[in-house]
Amino acid sequence: MLSGAASGGTPGTTVELEHHRDLTHEFPELKTRVHELKLESTSFRHLYAVYQAIDNEIYRIEQEIETPSDDYTEALKRRRVHLKDRLYGMLTGRIPIAISNDEFVVRHKFRQPVDTGLVTRDWIARGFSCRAFVDAPGKIWRDYVHDTDELVTVVEGRLGVHMHDEDWELEPGDELFIPRAVMHTVRNLHTGTTRWLYGYD
């Protein structure tokens, strides 16, 4: 706890620098898993530390201890949401603990040619449904938001997915995790039709 004088605030006031959006507060049912992954995974521990540092910086801005530009603050908040989604995915097993630079994508999750029955069984075991789409060239599903987590896998063709201000290209067998409440756009990047699977938990 820092006094106002020590932190640059008004003398005599008290500023509490705690993690108001700490994952153990937001997801109390995952508190034990958070503790386990902090001990087991260097990758998770690093991301968690970055998340807390950004959360603290946003809190200082909200308390007017620091006063950066509005653009910087909004970018910081988007980064916090991004990190929280990644950490939540790791905690729930949606994203592998040893993630790659693709973050939300597991490359070559399923062998080619992709067996839709195998994907269906895998997803059902993980608590997801599994349905199919066949998209014509140029087809776009724009600005969708769901209240559940979603998985996407390409069977034939190629998909582009835009979310978190980033773009992912999916080839057959790749699996993408789309967190709940995240706006995303999916488009067929292939010159022909693209067959793909999607499922919700």
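Every read-out reported here was derived from the displayed coordinates using simple, explicitly stated rules and does not represent laboratory data. Nothing here was measured: the structure is a model prediction, and the numbers come from that model. Here the Cβ is made from the backbone with ideal geometry for all residues, glycine too, and neighbour counts use every protein chain on show.
Summary table below
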quantity	calculated
Order by protection proxy (mean Cβ within 10 Å, highest first), peptides 164-172, 65-73	164-172, 65-73
Residue (of GLN52, THR73, LEU151) at the positive-pole extreme of the chain, dipole from beta-carbon charges	LEU151
Dipole moment magnitude, nearest 20 debye, the chain about Cα centre, only Lys, Arg, Asp, Glu C-beta charged	680 debye
Cα coordinate range in the chain, projected on the principal axes (Å, largest first)	67, 36, 26
Cα gyration tensor shape of the stretch 105-200, rounded if a/c is under 1.5, else prolate or oblate by comparing a/b with b/c	oblate
Charge dipole of the chain about the Cα centre (unit charges at C-beta), most positive-ward option of ALA181, THR191, LEU118	LEU118
Projected label distance in nm at ILE140 and THR116, using a 7 Å step from Cα toward the beta-carbon	2.7 nm
Chain lengthening between THR32 and ARG131 when straightened (0.36 nm per residue, less Cα-Cα)	32.3 nm
Long-range amide H partners of GLU66 with built H, under 5 Å	ILE61
Gain on full stretching of the segment that runs from TYR72 to SER41 - 0.36 nm per residue minus C-alpha separation	8.1 nm
Full-extension gain in nm, GLU156 to ILE65, via 0.36 nm per residue minus C-alpha separation	27.5 nm
